[in-house]
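Written out below as C-alpha cells is the structure these notes cover.
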Amino acid sequence: MTELRHFLRDDDVSPAEQAEILTLAAALKKNPFAQRPLEGPRGVGVIFEKNSTRTRFSFEMGIAQLGGHAVVVDGRDTQLGREETLADTGRVLSRYVDAIVWRTFEQVRLDEMASAATVPVVNALSNEFHPCQVLADLLTLRERKGDLTGRNLTYFGDGANNMSHSLLLGGVTAGLNVTIAAPTGFEPLPWILEAARKRAAETGATITVTDDPVAAAAGADALVTDTWTSMGQENDGLDRVGPFRPFRLDAALLANAEPDAVVLHCLPAHRGEEITDEVLDGPHSVVWDEAENRLHAQKALLVWLLARRGGGA
Ligand code: CP
Ligand code: NVA
C-alpha cells in the first residue's frame, strides 16, 4: 500500500480509521515494543515553534520505542526562522525522514508543508487544532467508559481554541455528543463548527454550543477544560479572565455531571484558574492517564500512517 496520508486535523481520519488507531494504541499500551516500523533507524523530524513538555517527550520516546530516531528541533533555530519556504522545507525534510511532526501557529502553515512533503505530516498543535491530544483523550475515555457512542462530553472555556475545535471534530468522529460551553465571543470558529456538523451527521452524534456552564455540565460523562489563554494569545487584547470565571471547572460545576463522570485536561493546567486543585487532584480526574496516553496514541498514529506508505505494520 502506498497512500500518503497526513494528520493535520481530527477529521483527516474517518470514524472507522480513528477507531482502528485507538484500538492499536490500546494494544501498544499493553505491548509497547510490538511494532518496530522505524527500525533502521528511520527518522522522524519533530519541530516545535511553541513550547512543549508532553508532546516533545511523548513523541521522542514513542519514536525510539518504534525503533526510530527523532530529530527534535526548535523551528526558530532552523532556516524556517529565516523564511525558507514551508514547501521547500517539506521537500527537503522528506529526503531525510519518514514523517514530519510539527507544532506551529496557523493551520495553513501545516497545509502548505503537507502539500509539498512526500512523507506524512502530523499536527503536534496549531492555533486551530490539537488532534494528537484528542486521540489520547479518546483513548483515555475508552479505557474508562468503553464504547463512546452516545456518551456526553462537555468542554468548558475558550470555545475558539485548538482543544475546543479538536474535541468537537474528534469527539463527534468517535460518536460522542459534544457540548462546548464558552463565554459569548469565544464560540468555535464557524468553518470548524460546520466541519464538525458534517462529521456528526455521519456518526449520529450531536453538537451543542452554549454560554450556560451549569446546563452544559448536566448529564456529562466527561468534563474537559483547557487554559483560557493559549500560546500566542498572551497579548491579543481580549479579557481572558473575567468572562471565563463562570466556566471554571470546580466541585460545584462537577456536581451537576453524571456521578461517575471523568475530568480531562490536556495540561499544562493553570491551577485555580480554569480548574481547581480539588477537581484536578480529585477522584474524577484522569489527567495523568491522559498525559501518558499521548505516548501510546501517537505511536499508534505513526504506525498507522507509516503502514499506509508501505513502511511496516
Ligand atoms: N498537552 C500538551 O500538548 O502539552 P505540551 O504543551 O506540554 O506538549
Ligand atoms: N490551548 C493550549 C493547549 C496547550 C497544550 C495552547 O494552545 O496553549
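The values are calculated or read from the model by the stated rules, or taken from the named source; none is laboratory data. Remember, it's a predicted structure, so these values are computed and weren't measured experimentally. Reconstructed Cβ throughout: ideal geometry from the backbone, glycine too, with neighbour counts over all protein chains shown. Accessible surface is based on the protein model in full, side chains and every heavy atom, while ligands, DNA and RNA are left aside. Shrake-Rupley method; radii C 1.70, N 1.55, O 1.52, S 1.80 Å.
Filter region 268-279 down to the residues that are of a type in the set (A, V, I, L, M) and within 15 Å of ligand 2 (Cβ to nearest atom), then identify the one that is farthest from Phe156 (Cα to Cα). Among them, the one singled out is Ala269. Flag not set for Pro131, criterion: open to solvent by less than 10 Å² (accessible area, probe 1.4 Å), away from ligand 1 (no atom under 14 Å from the Cβ) and touching a strand residue (DSSP E or B) at 6+ places or on another chain (Cβ under 8 Å). If you filter region 226-267 down to residues that are touching a strand residue (DSSP E or B) at 6+ places or on another chain (Cβ under 6 Å) and in contact (Cβ under 8 Å) with a residue 60 or more places away in the chain, you find that the one that is nearest to ligand 2 (Cβ to nearest atom) is Leu264. Here region 89-100 is the region considered, the condition is being among the aliphatic types (A, V, I, L, M) and without any contact (Cβ under 8 Å) to a residue 60 or more places away in the chain, and the residue that is farthest from Val73 (Cα to Cα) is Val92. In region 241-293, of all residues being within 22 Å of the chain's Cα centre (by Cα) and among the basic types (Lys, Arg), the one that is farthest from Asp211 (Cα to Cα) corresponds to Arg271. Any residue in region 138-164 that's within 22 Å of Ala269 (Cα to Cα) and open to solvent by 60 Å² or more (accessible area, probe 1.4 Å): show its pairings with residues that are among the aliphatic types (A, V, I, L, M) and more than 16 Å from ligand 1 (Cβ to nearest atom) at Cβ separation under 9 Å, as long as the two are six or more apart or on different chains. Filtered contacts from region 138-164: Arg144/Ala222; Arg144/Val262.
Taken as a whole, the structure leaves Glu234 outside the set of residues that are open to solvent by 20 Å² or more (accessible area, probe 1.4 Å), among the acidic types (Asp, Glu) and more than 16 Å from ligand 1 (Cβ to nearest atom). Only one entry in Ala181, Ala216 is in contact (Cβ under 8 Å) with a residue 12 or more places away in the chain, open to solvent by less than 20 Å² (accessible area, probe 1.4 Å), under 27 Å from Phe105 (Cα atoms) and away from ligand 1 (no atom under 16 Å from the Cβ), namely Ala181.
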